Number of protein chains: 2
Amino acid sequence: MADVARLAGVSSQTVSRVSTGHPGVVGSTREQVLAAMKQLGYRPNSAARALKRGEFRTIGVILFTLATTGNSRTVEAIANHAAEEGYAITLIPVASPTQDGLLGAFTRLGELAVDGVIVIMEVHLLDAVTVVLPPGAQVVVVDSDAGDRYTVVDTDQADGARQAVRHLLDLGHRTVWHLTGPAGSFASQRREDAWRAILTEAGRPIPEVRHGDWSAESGYRAGLELAAEPGCTAVFAANDQMALGLLRAFHERGRRVPHDVSVVGFDDIPDAGSFIPPLTTVHQDFAAVGRLCVRAVLRQIRHEITEPGTTLVPTRLVVRASTAPAPAA
Amino acid sequence: MADVARLAGVSSQTVSRVSTGHPGVVGSTREQVLAAMKQLGYRPNSAARALKRGEFRTIGVILFTLATTGNSRTVEAIANHAAEEGYAITLIPVASPTQDGLLGAFTRLGELAVDGVIVIMEVHLLDAVTVVLPPGAQVVVVDSDAGDRYTVVDTDQADGARQAVRHLLDLGHRTVWHLTGPAGSFASQRREDAWRAILTEAGRPIPEVRHGDWSAESGYRAGLELAAEPGCTAVFAANDQMALGLLRAFHERGRRVPHDVSVVGFDDIPDAGSFIPPLTTVHQDFAAVGRLCVRAVLRQIRHEITEPGTTLVPTRLVVRASTAPAPAA
DNA sequence: CTTCGTAATGTTTGCGTAAACATATCCGGC
DNA sequence: GCCGGATATGTTTACGCAAACATTACGAAG
């Protein structure tokens, strides 16, 4: 900066004013400074800036994996909106969902240059290590019910599940079977609870749930079992990938979808419309989740109101070709 | 830090030594300092640290989207390996592949606190704005052939395509049709070139290519056309999602896969094994790509040898159920 | 018992920036 | 023509940390 100042024949403070866009610098001076900056290839040192200003203009995002559609789409939305607001985002992957992995991630995080943190995981996992969280603001997202302690943004899992089950019931199915996500996933738990609630409310029998792990492979294995259940005419899978596995299992076992069995997924991944048959599923607005997260952290960073609470993003049932009226008994 | 020093009854320099793990601090003193740190909830300020040391311990990753399997898996691998090495990663999303979007991203990047950059896109797009790149080290990845100017790490696209086409030819197919990715994608171009080369080499007719955009939907549209081509018994799709669309189109048109038509994809996404039928595809080792990228940037950051050049990560054909011998004419 | 070497700790300094304060310049009004 | 007040620019300082150098303490060798 001093070099630029020298070259432009001004003080370094004036250079600073130009580089931060502060007012009070007359046109001709500004021009000179800009020219000098360009000539010298000056770029402000963000570390010094951060040190001086006491903020990093960076948001940390902590998550287990980018491999699930939901996570990567949410992160992408977060990154885009943060960028719009002039914030960078730092990814903090937790290698493994063990105490060690978490601790490691949070230790790193503690030293990280972030003004706020978005946590994409069930927050109870954090409790053991939460002390290490930097004093900055935090938002907890997807997969948590800690709305009493944190600001939570999440898809309205319950309503999504409700729409899915209701759709199948309306189609005349006597009941709906359910394939869950992995234990420990709050989203999965929520969807299962809602499914059970609707069936109970409607006075329908509640079939035993099958447990999957989000993967298509686990859906396939569950599908093989369900194909053997005579009464099974409708299945609600907790995500689209498992639904894909279901589809394959039913196909292999000669159970036609949707003629013999109806299948509904959750997520509405881009491929869902190209499954065989195209999948009826619950659309999640990941972009909205990401946007709201960013907005919420920024609000906290800027010390605006910071009440804990949960913001729910609505879902929408997308009816395609994997559901049909129940087969005549 | 001064507070900690005061509480522990030592100088701030000793606190610094403890916090950075430098040697030359006797056990009892260290204990006291650690206790004081804990009591005061001290965390080192990384901005000050970065300013002092002249490095950020951060790597920037610039890309268009996280929505493609390849990108998100690569980023995940990068994040994990960077974390192992004590580096954080900052995501720099380019909103749109326009000049403006790029410029914006690179302007942000210029001011960003990164020691190195990993670029996940065709590097020619950068040429117009390349001046803005920070003086730090860079690695260019997936989707580029700028091995003469940069360090490039990429999947061996050509060999992957070769294996796919060779497999189909070996199965007795007279020729192989091809569905490309979007124009402007180097990976897609590479796969297409290799496909063409093999066919030429084998003296087979070269069907006109169909153009997709990586999406299953585009694969479906292409599939509808290909289903109408009487001579089409084998298709090589440039990625798995388009292959999925192909599968659906063929299914709808009554062209049985693999009995009537064989389909090969590229990527080996986790779902590929659950397609109907399970997809034969070229497996990409995204984890290796990510790991090599990190290793390469770090080498440059540490001023070790920094010759431009391309590192190719091998692929592997995974044969599942979507390919079979050519139907008898 | 002195001297020297080494290990432990303390003091000074500057990294690049921008806020706070200080100074210079210019203009209009009387 | 002189003064008050804006406006443009310069000077000083501190942000938190860790290198570099300085000091102290202590034990071993002579």
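The values are calculated or read from the model by the stated rules, or taken from the named source; none is laboratory data. What you see is a predicted model, and the numbers here were worked out from it, not measured in a lab. Positions of Cβ are backbone-derived with ideal geometry, glycine not excepted, and every protein chain shown enters the neighbour counts. These area figures cover heavy atoms from the full protein model, side chains too; ligands, DNA and RNA do not enter into them. Shrake-Rupley method; radii C 1.70, N 1.55, O 1.52, S 1.80 Å.
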What is the set of long-range amide H partners of A:Arg316 at a cut-off below 5 Å, with H atoms built 1.01 Å from backbone N? A:His283
Positive-pole candidate from A:Ala50, B:Leu317, B:Gly147, dipole of the protein assembly as shown, charges at beta carbon: A:Ala50
With all protein chains in place and a 1.4 Å probe, B:Ile62 shows an accessible area in Å² (nearest 10) of 0 Å²
Can you tell me the dipole magnitude for the protein assembly as shown around its Cα centre, using point charges on the Cβ only (Lys, Arg +1; Asp, Glu -1), in Debye to the nearest 20? 1060 debye
FRET efficiency for B:Val319 and A:Asp260, Cβ-Cβ distance as r, R0 = 41 Å, nearest 0.05? 0.85
May I ask you to evaluate 6.51 cos²θ - 1.76 cosθ + 1.60, the Karplus curve with θ = phi - 60°, for each residue of the range A:206-211 and list the ³J(HN,Hα) values in order in whole Hz, giving x for glycine and proline? 10, x, 5, 6, 9, 10
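Would you work out the relative contact order for chain A, in percent, from Cα pairs under 8 angstrom that are 6 or more residues apart?
On the way: 638 pairs, mean separation 55.3, N = 329.
Result for chain A is 17 percent.
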Please give the calculated 222 nm ellipticity per residue for the protein assembly as shown, where each DSSP H segment of at least 4 residues contributes -39500 (n - 2.57) and the sum is spread over every residue; nearest 500 deg cm²/dmol? -13000 deg cm²/dmol
Keeping all protein chains in place, calculate the accessible area per residue for chain A (probe 1.4 angstrom), answer in Å². 41 Å²
For the range B:66-79, Karplus-derived ³J(HN,Hα) couplings (6.51, -1.76, 1.60; θ = phi - 60°; whole Hz; x for glycine and proline) come out as 9, 6, 8, 3, x, 4, 5, 5, 5, 4, 4, 4, 4, 4
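If you restrict to DSSP beta bridges whose two residues both lie in the range B:209-325, what percentage is antiparallel, to the nearest 5?
Details: 3 of 10 bridges.
Of those bridges, close to 30 percent are antiparallel.
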State the residue of chain B whose Cβ is nearest the axis carrying B onto A, and the distance in whole angstrom. B:Ser72, 2
Once a ≥ b ≥ c are taken as the square roots of the eigenvalues of the Cα gyration tensor of the range A:232-329, is the result rounded (a/c under 1.5), prolate (a/b larger than b/c) or oblate (a/b not larger than b/c)? prolate
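Grab the other residues whose beta carbon is less than 12 angstrom from that of A:Pro327, score K and R as +1, D and E as -1, and report the net.
Numbers: positive: A:Arg174, A:Arg255, A:Arg256; negative: A:Asp260.
Within the 12 Å Cβ shell, the charges total +2.
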I'd like the Karplus ³J(HN,Hα) series for the range B:22-27: coefficients 6.51, -1.76, 1.60, θ = phi - 60°, whole numbers in Hz, and an x wherever there's a Gly or Pro. 5, x, x, 10, 6, x
Give me the residues in the range B:77-91 whose solvent-accessible area, probe 1.4 Å, is reduced by at least 10 Å² once all protein chains are included instead of the chain isolated. B:Ala79, B:Asn80, B:Ala83, B:Ala88, B:Ile89, B:Thr90, B:Leu91
Please check: in the Gaussian network model of chain B (C-alpha springs, under 10 Å), which one of B:His81, B:His303, B:His173 has the largest mean-square fluctuation. B:His303
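Mean separation of Cα pairs under 8 Å and 6+ residues apart, divided by the residue count of the range B:2-44: what relative contact order is that in percent?
Working: 33 pairs, mean separation 18.8, N = 43.
Contact order relative to length: 44 percent.
Where Rh is the Kirkwood radius over the Cα pairs of chain B, the temperature 25 °C and the viscosity 0.890 mPa s, what D in µm²/s does Stokes-Einstein return? Could the numbers behind the result be given before it?
Details: Rh = 22.3 Å.
So the translational diffusion coefficient is about 110 µm²/s.
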Using label points projected 7 Å from each Cα along Cα→Cβ, tell me how many nm separate B:Ser28 and A:Glu304, to one decimal. 5.5 nm
What is the dipole size for chain A, taken about its Cα centre, with +1 at each Lys and Arg Cβ and -1 at each Asp and Glu Cβ, in debye to the nearest 20? 980 debye
Taking a ≥ b ≥ c as the square roots of the Cα gyration tensor eigenvalues, with a/c under 1.5 meaning rounded and otherwise prolate when a/b beats b/c, else oblate, which class fits the protein assembly as shown? oblate
What residue among B:Ala249, B:Val4, B:Asn239 has its Cα farthest toward the positive end of the dipole of chain B, where the charges are +1 on Lys, Arg and -1 on Asp, Glu, each on the Cβ? B:Val4
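Please report the carbon-and-sulfur percent of the accessible area for the range B:2-44; probe 1.4 Å, protein heavy atoms only, DNA, RNA and ligands left out. Intermediate results must be reported in sequence, preceding the final value.
Values: 1290 of 2600 Å².
Carbon with sulfur: 50 percent of the solvent-accessible area.
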Restricting to Cα pairs below 8 Å that are 6+ residues apart, what does the relative contact order work out to for the range A:157-284? Please round to a whole percent. 24 percent
Output the 0 to 90 degree angle, nearest 10, between the alpha-carbon long axis of helix B:286-301 and the longest principal axis computed from the alpha carbons of chain B. 40 degrees
First check a/c for the range B:157-285, with a ≥ b ≥ c the square roots of the eigenvalues of its C-alpha gyration tensor; if it is under 1.5, answer rounded, and if not, answer prolate when a/b is larger than b/c or oblate otherwise. rounded
Rounded to 5, percent antiparallel among DSSP beta bridges of chain B: 10 percent
Along the charge dipole of chain B, Cβ charges K/R +1 and D/E -1, which of B:Pro205, B:Ser16, B:Val297 sits furthest on the positive end? B:Ser16
For the range A:1-48 and the range B:289-329, what is the centre-to-centre distance using only Cα atoms, to the nearest Å? 44 Å
Heavy-atom accessible area ranking, 1.4 Å probe, most first, across A:Thr74, B:Thr310: B:Thr310, A:Thr74
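Note the buried accessible area between A and B here, summed over both chains, with a 1.4 Å probe, in Å² to the nearest 100.
Numbers: alone 15540 and 15520 Å², together 27150 Å².
That pair hides around 3900 Å² of surface in total.
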Residues with amide H under 5 Å from that of B:Thr311, placed H, sequence gap 5 or more: B:Val152, B:Val153, B:Asp154
Listed by chain and number, the residues whose amide H is under 5 Å from that of B:Val61, excluding neighbours fewer than 5 places away on the same chain and using placed H, are B:Thr90, B:Leu91, B:Ile92, B:Ile118
Per-residue counts of other Cβ atoms within 10 Å, averaged by peptide: what ranking do you get for A:158-165, A:37-44, B:19-26, highest first? A:158-165, A:37-44, B:19-26
Gaussian network model of chain B, Cα within-10 Å springs - most flexible of B:Arg166, B:Arg221, B:Arg30: B:Arg30
Please name the residues of the range A:261-290 whose accessible area, counted over protein heavy atoms with a 1.4 angstrom probe, falls by no less than 30 Å² between the chain alone and the full protein assembly. A:Asp271, A:Ser274, A:Ile276
Percent antiparallel among DSSP beta bridges (both partners in the protein assembly as shown, rounded to 5): 10 percent
